[in-house]
Amino acid sequence: MTADASMQAQVQSYAEMVCGTNLKTGHPEEASAKKRCISGLMRLGKNAFKLASPSIQKCKQEANFFACIRGHTTDRAEIKQAAREHGREIKTMSKTPHHINSPRLDRLGEAIQKVLGQRSILWSNNSKTWGCKGRNLYGYYRIKNELVVMCQGFHNGDLDELIDTLKHEGWHAVQHRCRNGVPYLDDQQILERLPRRDVINVHNYHPKQRRLESEARVMAKIDDAQWIQLVKHECKGKEKRPYKPDLGFTYSTF
């Protein structure tokens, strides 16, 4: 058998397999769809192996299977590229700071995690997924899933700046989870401690957010020990409880 004939036989076998089965349900495919599919894949030859199953299944429903499927012959390369990009993206995210060993960050992080849970801080080193890449953003608190996102890449290794941001966003978590959106400081206390440049900057926020944002900027500047003590005090009894599945018997961690 020649090399071309061998390849043709491989394509025939492959086509009969993927065309004869609905790739979504696993049930036998309609006879007309199967026939169109086999004919189209045979015309593609070895390029048929580059196709992803969602594309094949989608085009089975088209009257002209071949015209539909021709535009999908690079599926496999695109999938590989997407997988590589996903792998790189995963490496930009961590539950701990990237390439930084700081006891101060550890202590502050532990205080936040006792309130929000062990997975409540995400360190992003220019991650697209969490909106840090390409933006002038130090970090933010995501109310929806009670998550502090640290945009570490924007800090350029400035430890003091990172600590300031962690305390700032961590205090937003306290405001939301432990104080029901009510500031801890009164207006006079905030006004006395808020730097002038921050007073101007805060006016870019929505009026309903200005007081909480101003307070978070003030609280980011206080001593670490005092900040941790305030977090413990304000959140006492309101900490997120560890998830315990209902297994029908007493559950304990290993």
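The values are calculated or read from the model by the stated rules, or taken from the named source; none is laboratory data. Bear in mind the structure is a predicted one, so any value in this text is a computation, not a measurement. Cβ coordinates were reconstructed from backbone atoms using ideal geometry, including for glycine residues, and neighbour counts include every protein chain displayed. Keep in mind that these areas ignore ligands, DNA and RNA; they rest on the heavy atoms of the full protein, side chains included. Shrake-Rupley method; radii C 1.70, N 1.55, O 1.52, S 1.80 Å.
A few remarks follow.
- Filtered by the rule that a residue be of a type in the set (D, E, K, R) and in a helix (DSSP H, G or I), region 154-206 gives Asp160, Glu161, Asp164, Lys167, Glu169, Arg177, Asp187, Glu192, Arg193, Arg196, Arg197, Asp198.
- Verdict on Leu166 being in contact with a Ser or Thr (Cβ under 9 Å, 6 or more places away or on another chain) and at pLDDT 95 or above: no
- Residue within region 223-246 that is within 26 Å of the chain's Cα centre (by Cα), surrounded by 18 or more Cβ atoms within 10 Å (Cβ to Cβ) and among the charged types (D, E, K, R) present: no
- Scanning region 75-93 for residues that are open to solvent by 30 Å² or more (accessible area, probe 1.4 Å) and not in a helix (DSSP H, G or I) returns a single hit, Met93.
- If the condition is being in contact (Cβ under 8 Å) with a residue 24 or more places away in the chain and assigned to a helix (DSSP H, G or I), then region 94-104 contributes only Arg104.
- Filtered residues of region 26-52 (kept if charged (D, E, K, R), surrounded by fewer than 17 Cβ atoms within 10 Å (Cβ to Cβ) and part of a helix (DSSP H, G or I)): Lys35, Arg43, Lys46, Lys50
Residues checked against (1) open to solvent by 10 Å² or more (accessible area, probe 1.4 Å); (2) in contact (Cβ under 8 Å) with a residue 24 or more places away in the chain:
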position	(1), (2)
Asp106	yes, no
Ser120	no, yes
Asn126	yes, yes
Asn145	yes, no
His176	yes, yes
Arg179	yes, yes
Asp187	yes, yes
